[in-house]
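The values are calculated or read from the model by the stated rules, or taken from the named source; none is laboratory data. Bear in mind the structure is a predicted one, so any value in this text is a computation, not a measurement. Cβ atoms come from the backbone with ideal geometry, glycine included; neighbour counts cover every protein chain shown.
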Amino acid sequence: MDKPKGSLKEQMSAIDPLLKDLRHKKEERAKEFSEVQVQIISICGEISGNVQLSKSATSTRFDERDLTWKRLAELKAKHEELRKDK
């Protein structure tokens with residue numbers, strides 16, 4: 001097993017920019033998920049005639065454990081399908 005090089009402080013300094021970048025990417029992806037889900041709920045509310053559902057779409061929570069590109073593509077496909085049905 002390789003022994004880490006440098007002090008713990010140096011090691012932390014080396015990975016800190018990477019962690020910040022990953023956190024930023026996660027926040028951006030979560031924002032994109034949220035925007036798509038809000039649009040889906042809003043369209044569903046419009047289709048069903050449920051004005052309250054459309055208005056409550058802005059306070060929607062979602063599962064942040066699955067922020068994969070695959071899941072985002074699924075949501076975008078659902079959004080596009082609903083938009084066409086509208």
Within the group Asp2, Asp21, which residue is at pLDDT below 90 and either out of contact with any Cys (no Cβ under 6 Å at 6 or more places or on another chain) or part of a helix (DSSP H, G or I) (or both)? Asp2
If you go through region 1-44 one residue at a time, how many are of a type in the set (Lys, Arg) and surrounded by 12 or more Cβ atoms within 10 Å (Cβ to Cβ)? 2
Would you mention how many residues in region 72-85 are charged (D, E, K, R) and without any contact (Cβ under 8 Å) to a residue 12 or more places away in the chain? 4
How about region 31-86: which of its residues are of a type in the set (D, E, K, R), under 11 Å from the mean Cα position of the chain (by Cα) and at pLDDT 90 or above? Lys31, Glu32, Glu35, Arg71
Could you grab the pairs with beta carbons closer than 9 Å, sequence gap of 6+ or different chains, first residue in region 20-31 and within 14 Å of Leu72 (Cα to Cα) and free of Cβ contacts under 8 Å to residues at least 40 places away in the same chain, second one hydrophobic (A, V, I, L, M, F, W, C) and not in a helix (DSSP H, G or I)? Ala30/Phe62; Ala30/Leu67
